[in-house]
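The values are calculated or read from the model by the stated rules, or taken from the named source; none is laboratory data. Note that the structure is predicted; figures quoted are calculated from it, not measured. Here the Cβ positions follow ideal geometry from the backbone for every residue, glycine too, while neighbour counts run over all protein chains shown.
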Amino acid sequence: MSSLKFFLVGLIFILAPIFVSADFQAAMQNYQKENYEVAYTEFESLAEIGNAEAIYNIGVMHYKGQFVKKDIVQAYVWMKLANSFDEYFKYSVVEKEIPENKKKDADIVYKKLNIEYGVKTISENYKPIFSNVLQRVSDEYPQILPILKIAPIYPPRAAERGREGIVLVSYEVLANGSVANVELVNQNPIDKDFTKQSIKAAKKFKYRAVNENRTLKHPISKLATNRFSFSLSFNGSKNKKRKKLSKIIAAVQEGSNEAQYLLAVEAPSLYGAKLDEEKKLELLLVSATNGHAKSQLELGFKLLNGNYCKVDIEKATKWIIKAAESGDEYAKKLVSRYSLLDEVQ
C-alpha cells in the first residue's frame with residue numbers, strides 16, 4: 001500500500017493531495033468542488049478494489065456529513081478498515097467519540113463491512129497469485145501455447161523518423177490453432193503504421209490446436225493478447241532511452257500510476273528496464289488499485305492467460321469490468337461482447 005500519510009489536526013480530517021490515477025484524482029477534484037455525491041461514488045468504487053485512501057476518505061465524509069448523514073459509527077468503521085490495509089490511517093480520535101451505548105453496534109457494523117471490503121475479501125476477489133512460470137494448463141481452461149509467432153515489419157516511415165512504440169493486440173484462439181478477430185487494445189504512441197503491421201503479423205500466429213471437445217468455462221478463456229515492441233538501435237539511442245527510463249523511475253517514486261504502468265509493461269522492452277516478473281505484478285497491482293484503467297486491464301489479461309500468475313477467470317473478469325468502469329474503451333467492448341457483467345452477478 002501507499003506510504004502516504006493522512007494527518008489528523010485535532011478533529012479536522014484532511015483528504016491528502018497526492019499523486020494518483022485519473023479516477024482517484026477525479027474523486028479528489030469532485031470532493032474539493034463539493035460535488036460530494038460524485039466523489040463518494042468514486043471513492044466507493046475504489047474501495048471495492050482495496051484502495052485504502054478511498055476507504056479512509058469515505059470515513060472522513062461520514063464524519064463530516066458530506067453527501068451522507070453525519071454518523072460517528074460509520075466514520076469509525078471506515079477509518080478502522082483503512083487502518084487494516086495501512087497503519088498510517090488512524091482512527092483512535094474518532095473511536096473515542098463513540099458513545100458507550102453504540103460501541104457494540106460499531107463492532108457489528110465493522111465486522112459486516114470487513115466481510116465486504118476487508119483485506120481477505122479484496123485478496124480473494126482481485127489479487128493475483130504470483131507464479132515464476134507461465135501458467136495455462138488446467139482441466140477448466142484450454143492450453144493455448146503458441147507454435148508460430150511472426151514479428152511485424154518495422155514501418156519504413158517510422159524507422160526514418162526514429163519513432164518507437166508499443167502495440168497491444170488481442171485475438172481469439174480457434175480450435176484449429178489459428179487466430180481470429182485481431183484488434184487493437186492500446187498503443188503508445190498512437191501510430192497507424194505500427195497498428196497495421198502489428199495486426200498483420202498477429203493474423204499469422206499459430207497455436208497448438210485446442211481439443212474441440214473440451215468444455216470452456218467461459219468463451220473469454222479463448223482470448224489471448226500479444227504486445228509488439230518497435231524499438232530502434234542506433235548511435236545515441238541508448239542515452240535517450242536511459243534518460244526516458246530515468247524520468248519514468250522518478251515519476252514512479254513520486255507516486256504516478258501511469259509511470260508504474262509504463263515501468264512494469266513498456267519500459268522493459270523499450271528502454272531496457274530490468275525488473276523481475278513479481279515486481280512488475282506488484283507495480284501493476286498498486287496502479288490498478290488506484291483506478292488506473294490500463295493497469296486494471298493488464299491485470300485482467302495476466303490472470304486470463306496465466307502470465308506469471310495463476311489463471312483465474314473470475315478475477316480476470318472483475319479487473320476487466322473495473323477497467324471498463326474506469327473508462328477503457330477496449331474493456332467496455334469486452335464487457336459487452338462476452339456479457340461479463342453476468343459473470344459476477
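Looking at the stretch 48-157, the helices (runs of 4 or more DSSP H) lying wholly inside it that each contain 2 or more residues that are of a type in the set (Val, Ile, Thr) and at pLDDT 95 or above sit at 52-64, 72-85, 103-117, 119-126. Among the residues of the stretch 158-174, those identified as under 30 Å from the mean Cα position of the chain (by Cα) and either surrounded by fewer than 19 Cβ atoms within 10 Å (Cβ to Cβ) or assigned to a helix (DSSP H, G or I) (or both) are Arg163, Glu172, Leu174. A count restricted to the stretch 24-76 and to residues that are surrounded by fewer than 19 Cβ atoms within 10 Å (Cβ to Cβ) and aliphatic (A, V, I, L, M) stands at 4. Just checking, does the stretch 264-274 include any residue being out of contact with any Leu (no Cβ under 8 Å at 6 or more places or on another chain) and free of Cβ contacts under 8 Å to residues at least 40 places away in the same chain? Yes; the residues of the stretch 264-274 include at least one that is out of contact with any Leu (no Cβ under 8 Å at 6 or more places or on another chain) and free of Cβ contacts under 8 Å to residues at least 40 places away in the same chain. Filtered by the rule that a residue be more than 17 Å from the chain's Cα centre (by Cα) and surrounded by 14 or more Cβ atoms within 10 Å (Cβ to Cβ), the stretch 245-266 gives Leu245, Ile248, Ile249, Ala251. If you check Gly291, Gly306 for being at pLDDT 90 or above and either closer than 21 Å to Ile49 by Cα or buried (at least 23 other Cβ atoms within 10 Å of the Cβ) (or both), only one passes: Gly291. Close contacts from the stretch 23-49, counting a first residue that is farther than 22 Å from Lys318 by Cα and a second that is at pLDDT below 95 and loosely packed, with under 15 Cβ neighbours inside 10 Å, with Cβ to Cβ under 8 Å and a gap of 6+ residues or different chains, come to Met28/Pro17.
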